[in-house]
Amino acid sequence: MREVMVISMMKKCAKSNLTALLHALSVYAPLYLPVNGNGKDTRAKYTRYEDGMVYSTDLNTVRSAKDFFFPQTENLVNFKVEGKNIEIIDPRTEEEDFILFGVRACDFKSFDVLDRVFLSEPVDSYYASRRAHGIIFTMACTRPAETCFCTTFGINPAEPAGDVSCYMTEADLYLDAKTERGEAILAKLEDLLTDTDSTDIKTVEDQKTCIASRMEKLPLAALSTEKFGGDKLDTLFDDPRWESLSEACLACGTCTYVCPTCQCYDIKDFNTGHGVCRFRYWDSCMYSEFTKMSAGQPRLTQMQRFRQRFMHKLVYYPANNDGLFSCVGCGRCLASCPISMNIVKVMKTFSEEVSDNGSK
């Protein structure tokens, strides 16, 4: 994980100057931000900024910011073959900083989950390089959705971390530098920013209070992790309820592809005709061929694969990572699953008490 020095230096930019601010950021480094699509699909997606683009205030992007550090497909190495000579070519080109603007608190927390996987020894140098170059502007969630449950996992949507934390009101954008990198980039925007006073601080604090109040009223506000954690393996693994929960699952993998913390991948070689391209791509524990080897498939049934996904999120990962759950409550799987089977239903089911005769 990248070590940063936490500081605080709040500035203000009038909303009327937001376009100028985004332009200035894009001049400093390539800028990516949520932008609504055109045509039938108007959902927000991270897009490289071009002048004239409008920042989307939608709560969640279709896909998370994970893509910038752990992309869906990426070349790892190329082999150029000429007769008996083989040249090994490193295809990486990430050499410049880039800015992610508008990252929500849940997505920022997902980087912690991924860091513990890819930055542990042996370090994944591809991921590490991107993390080192990424500058992150987070955005507080003023209007959380009914599918949100980040507070279940200790995430505060009113206190997003990052290099710069942002708060947007009807009139202004407040920018609070949290790291030295954040302070440095705000210093380059001084012509567009003004200092804040006690009135501004109260405005931001009032917004935080409002966000907390809204989170308490959401349908999933009472969702609890009490029945889960690294010490619950023996209790949950052989529970018969996995069978009924998994029956409706289509094994489509949609939940894993929209999830900001899923990190499964496979590696394959592609013959280009004059060499070999080795690449990796996202995989899913929900697929029947996931981890399939010459000896066969270690999880033969859909129930076993279904159980694996949620046990990893709620038991295996926290067992190996100081109690940290591998879910950030972003709600994307709730919105995307075609049969409405998701981690919330799993958690609610196992939170219900079951009598000795098996009834609830």
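Quick notes on this one:
- When the test is whether a residue is in contact (Cβ under 8 Å) with a residue 24 or more places away in the chain and of a type in the set (Asp, Glu), Glu216 does not pass it.
- Taking strands (runs of 3 or more DSSP E) as the structural unit, those lying wholly within segment 66-181 and holding at least 1 residues that are crowded, with 20+ Cβ neighbours inside 10 Å correspond to 98-103, 134-139, 164-168, 172-177.
- Among the residues of segment 210-225, at least one is within 30 Å of Tyr28 (Cβ to Cβ) and either out of contact with any Cys (no Cβ under 7 Å at 6 or more places or on another chain) or not acidic (Asp, Glu) (or both).
- Of all residues making up segment 40-52, the number that are surrounded by fewer than 18 Cβ atoms within 10 Å (Cβ to Cβ) and in a loop (DSSP other than H, G, I, E, B): 7
- Check on Leu223, in the same structural domain as Leu173 (by TED's automatic domain parsing) and not in a helix (DSSP H, G or I): no
- Within segment 243-284, the only residue that satisfies the criterion of being of a type in the set (Asp, Glu) and crowded, with 18+ Cβ neighbours inside 10 Å is Asp283.
- Residue match in segment 22-35 (condition: part of a loop (DSSP other than H, G, I, E, B) and touching a residue at least 60 places away in the same chain (Cβ under 8 Å)): yes
- Options Phe306, Phe290: the member that is under 23 Å from the mean Cα position of the chain (by Cα), touching a residue at least 12 places away in the same chain (Cβ under 8 Å) and under 21 Å from Phe118 (Cβ atoms): Phe290
- Of the set (1) out of contact with any helix residue (DSSP H, G or I) (no Cβ under 9 Å at 6 or more places or on another chain); (2) in a helix (DSSP H, G or I), all apply to Glu190 but (2).
Yes/no matrix, rows are residues, columns are (1) modelled with pLDDT of 95 or more; (2) closer than 16 Å to Phe98 by Cβ; (3) touching an Asp or Glu at 6+ places or on another chain (Cβ under 9 Å):
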| site | (1), (2), (3) |
| --- | --- |
| Phe137 | yes, yes, yes |
| Arg143 | no, no, no |
| Thr151 | yes, no, yes |
| Leu173 | yes, no, no |
| Asp191 | no, no, no |
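- Residue match in segment 273-281 (condition: in contact (Cβ under 8 Å) with a residue 60 or more places away in the chain, aromatic (Phe, Trp, Tyr), farther than 20 Å from Phe111 by Cα and not in a helix (DSSP H, G or I)): yes
- From the list Asp90, Asp97, Asp112, the lone residue that is out of contact with any Lys or Arg (no Cβ under 8 Å at 6 or more places or on another chain) and closer than 24 Å to Leu324 by Cα is Asp112.
- Residue list for segment 180-236, restricted to those being within 30 Å of Met10 (Cα to Cα) and among the hydroxyl-bearing types (Ser, Thr, Tyr): Thr194, Thr196, Ser198, Thr199, Thr203, Thr209, Ser213
- Scanning segment 186-216 for residues that are closer than 15 Å to Thr151 by Cα and exposed (fewer than 13 other Cβ atoms within 10 Å of the Cβ) yields Thr209, Ser213, Glu216.
- Taken together, Thr203, Thr138, Thr179 contain a single residue that is free of Cβ contacts under 8 Å to residues at least 40 places away in the same chain, within 20 Å of Val113 (Cβ to Cβ) and assigned by TED's automatic domain parsing to the domain that holds Tyr46, which is Thr138.
- Scanning segment 316-336 for residues that are under 21 Å from Phe118 (Cβ atoms), in a helix (DSSP H, G or I) and not small (Gly, Ala, Ser) yields a count of 5.
- Index of the failed condition, Pro240 passing every other in (1) touching a residue at least 40 places away in the same chain (Cβ under 8 Å); (2) under 18 Å from Met10 (Cβ atoms); (3) loosely packed, with under 13 Cβ neighbours inside 10 Å: (2)
The values are calculated or read from the model by the stated rules, or taken from the named source; none is laboratory data. Computed from a predicted model, the values in this text were never measured in an experiment. Counting neighbours? That spans all protein chains shown, and the Cβs are built from the backbone with ideal geometry, glycine included.
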